[in-house]
Amino acid sequence: MRPCAIIPAYQASRTVAEVVRATRALWPEPDAVFVVDDGSTDGSAELARKAGAEVLSHPNNRGKGAALRTGMSHALRRGFDVAVTLDADAQHPPAEARRIAFCDPDPRALVLGVRDLVKAGAPRANQMSNRISNFFLSLFSGRPLADTQCGLRRYPLQTTLSLGARDDGYAFEAEIILRAVAAGVRIVEVPMDVVYPPEHERVTHFHSVRDPARIVFRVLGTLAESRITPATP
């Protein structure tokens, strides 16, 4: 198994260099750390490049899902078979990213990080949003899912790209889960530590109302397309 790290970044100039340096220091192949700059205007791309990452850039902001697809396609062409994704805001400790890279020997598995949001001190709006997303995806996938919004994951690259997930935003991560279930992909959940800085230091582009609503609509569309039958109680 040959893992790379993909870090989608948008307006992350305060933290992206730190995340890149720490990830490269722990990664088996330091040159396997890719940052996808999603149209930032604050110098994030140059800071990531100076920290040692290979940077892929979108000229305009397209969304997290689009950034992940760009990074995955590039990584697959480079010969990697799995990709660990972590956020550029330093919420995901690079040591946990390395742990998730090797936590399961099956490179075909989709590995989902599971956060303890209460213990981590996540905002209540984020906790509620995650509960709602977990409820709907567990219901429609027919299996319990503990954390459907965590961005710290390990993706099997070829399988993930073949699933045809199309959402360009945060709903991409929910869409992938449903499509993986429909395709019979093995899903592994692994508890992960995360860091939530004090509220005045937080940088997030996740909207606690708009993005969960988009996730639900994307879930319903994926159900219709994939003919996944919701689980019966």
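Report whether or not residue 148 is under 27 Å from residue 11 (Cα atoms) and in contact with a Gly (Cβ under 8 Å, 6 or more places away or on another chain). No. Any residue at all in the range 119-139 that is among the small types (Gly, Ala, Ser), buried (at least 21 other Cβ atoms within 10 Å of the Cβ) and not in a helix (DSSP H, G or I)? No: the range 119-139 contains no residue that is among the small types (Gly, Ala, Ser), buried (at least 21 other Cβ atoms within 10 Å of the Cβ) and not in a helix (DSSP H, G or I). Just to be sure I understand the filter: pairs with C-beta atoms under 9 Å, separated by 6 or more residues or on different chains, first member in the range 76-104 and closer than 11 Å to residue 195 by Cβ, second member assigned to a helix (DSSP H, G or I) and among the acidic types (Asp, Glu). Which pairs pass? Between residues of the range 76-104 that are closer than 11 Å to residue 195 by Cβ and residues that are assigned to a helix (DSSP H, G or I) and among the acidic types (Asp, Glu), the close pairs are 90/18. Do we have any residue at all in the range 47-60 that's among the basic types (Lys, Arg), within 16 Å of the chain's Cα centre (by Cα) and surrounded by fewer than 20 Cβ atoms within 10 Å (Cβ to Cβ)? So far as the range 47-60 goes, no, none of its residues is among the basic types (Lys, Arg), within 16 Å of the chain's Cα centre (by Cα) and surrounded by fewer than 20 Cβ atoms within 10 Å (Cβ to Cβ).
Scanning the range 96-118 for residues that are part of a loop (DSSP other than H, G, I, E, B) and more than 16 Å from the chain's Cα centre (by Cα) yields a count of 8.
Just to be sure, is residue 67 out of contact with any Asp or Glu (no Cβ under 9 Å at 6 or more places or on another chain), within 20 Å of residue 155 (Cβ to Cβ) and modelled with pLDDT of 95 or more? Criteria not met by residue 67. Which one is modelled with the lowest pLDDT among residues in the range 156-185 that are in a loop (DSSP other than H, G, I, E, B) and within 19 Å of residue 134 (Cβ to Cβ)? If we take residues in the range 156-185 being in a loop (DSSP other than H, G, I, E, B) and within 19 Å of residue 134 (Cβ to Cβ), then 170 is modelled with the lowest pLDDT. For residue 73, the criteria (1) more than 16 Å from the chain's Cα centre (by Cα); (2) loosely packed, with under 15 Cβ neighbours inside 10 Å hold in every case but one, which is (1). Would you confirm, using the coordinates I've provided, whether residue 78 is surrounded by fewer than 16 Cβ atoms within 10 Å (Cβ to Cβ), of a type outside the set (Ser, Thr, Tyr) and under 18 Å from residue 8 (Cα atoms)? Yes: the conditions hold for residue 78.
Among all positions in the range 188-202, there is no residue which is under 16 Å from the mean Cα position of the chain (by Cα), part of a loop (DSSP other than H, G, I, E, B), crowded, with 18+ Cβ neighbours inside 10 Å and at pLDDT below 90. Among the residues making up the range 80-95, those that are part of a loop (DSSP other than H, G, I, E, B) and in contact with a Phe, Trp or Tyr (Cβ under 8 Å, 6 or more places away or on another chain) are 88, 91. Count, please, the residues in the range 32-51 that happen to be within 16 Å of residue 151 (Cα to Cα) and either assigned to a helix (DSSP H, G or I) or without any contact (Cβ under 8 Å) to a residue 24 or more places away in the chain (or both). Matching residues across the range 32-51 total 0.
The set of residues in the range 1-31 that are assigned to a helix (DSSP H, G or I) and crowded, with 23+ Cβ neighbours inside 10 Å comprises 16, 19, 20, 23. Only one of these conditions is not met by residue 64: (1) surrounded by fewer than 23 Cβ atoms within 10 Å (Cβ to Cβ); (2) within 14 Å of the chain's Cα centre (by Cα). Which number is it? Just one mismatch for residue 64, condition (1). When residue 89 is tested against (1) over 26 Å from residue 121 (Cβ atoms); (2) within 18 Å of the chain's Cα centre (by Cα), only condition (1) is not met. The one condition from (1) aromatic (Phe, Trp, Tyr); (2) crowded, with 16+ Cβ neighbours inside 10 Å; (3) modelled with pLDDT of 95 or more that residue 102 does not meet is (2).
The values are calculated or read from the model by the stated rules, or taken from the named source; none is laboratory data. Values in this document were obtained by computation on a predicted structure and should not be read as measured data. Using ideal geometry, Cβ is built from the backbone for each residue, glycine included, and neighbour counts are taken over all protein chains shown.
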